[in-house]
Amino acid sequence: MSEDSVLRYADERDKTFGIAGMTITLVACRDEELLAEIRLDAEPGETMVMTHDYGMRANPRMSAKIIWTQALDELRTTTSMALGNIVCRRYVMARRGLTPADTTPIREAVRSEGLTHCSLEQDEADALFERCLSTVDRIFRHSTVHQVAAAFADELSARRTMSAREAIELLSSLGLR
């Protein structure tokens, strides 16, 4: 996903809410096993350290269908994380809704990545995007998730880094299960 768009952070508070949104989305979508570490002071695009399994598709012994399915799952996860980032920042921090200016760059990136890595037609990529957006929207419509996101962002700001285990335990202690 392009960092020259809606995912660019205005300040550190904006960044902590974006990271909180990505982390909450991973946990809510049951993809937390893909997270290795969170680093607030890392450059944008490097704050979420994923496990070595994420992005590894080059095993020639695997069938093309398995590799395609993994690529599609990773596109879904990446799309959901990007949307979790922007939705948390808009809904929780700024207390406003999404605009086409927020979602269009992400949709276009999904179309491009979907075509490049999964041979998805535009309508297929759009359907994947809409499913991810619907899921993330449902997650962040809950007021309790807003409280969890704010508390997580505050704790991340204080700690600066968290292992995946620490992040998951913190979210669990805050009520996200």
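The values are calculated or read from the model by the stated rules, or taken from the named source; none is laboratory data. Worth saying up front: this structure is predicted, and the values here are computed from it rather than measured. Methodologically, a virtual Cβ is constructed for each residue, glycine included, from the backbone with ideal geometry; neighbour enumeration extends over all protein chains shown. When the accessible area is computed, the model is the full protein with side chains, heavy atoms only, and any ligands, DNA or RNA have been set aside. Shrake-Rupley method; radii C 1.70, N 1.55, O 1.52, S 1.80 Å.
What to note about this one:
- Residues that are at pLDDT 95 or above and of a type outside the set (Lys, Arg) do occur in the stretch 60-72, at least one of them.
- Taking each residue of the stretch 94-109 that is in contact (Cβ under 8 Å) with a residue 40 or more places away in the chain and part of a helix (DSSP H, G or I) and looking for partners that are open to solvent by 40 Å² or more (accessible area, probe 1.4 Å) and of a type in the set (Asp, Glu) with beta-carbon atoms closer than 9 Å, six or more apart or interchain, yields 105/4.
- Residues that are within 13 Å of residue 23 (Cβ to Cβ) and either open to solvent by less than 40 Å² (accessible area, probe 1.4 Å) or in a loop (DSSP other than H, G, I, E, B) (or both) within the stretch 151-177 comprise 151, 152, 153, 156, 162, 163, 164, 167, 170, 171, 174, 176, listed in sequence order.
- Enumeration of residues in the stretch 90-110 that are more than 13 Å from residue 132 (Cβ to Cβ) and among the charged types (D, E, K, R): 90, 95, 96, 102, 108
- Count - residues of the stretch 31-45 that are farther than 14 Å from residue 136 by Cβ, modelled with pLDDT of 95 or more and outside any strand (DSSP E or B): 6
- Where a residue in the stretch 116-135 is within 23 Å of residue 65 (Cβ to Cβ) and its partner, wherever it lies, is among the hydroxyl-bearing types (Ser, Thr, Tyr), with Cβ under 7 Å and at least six apart: 128/79; 129/79; 132/79; 132/80
- Test: residue 141 is open to solvent by 50 Å² or more (accessible area, probe 1.4 Å), within 18 Å of the chain's Cα centre (by Cα) and on the phi < 0 side of the Ramachandran plot: yes
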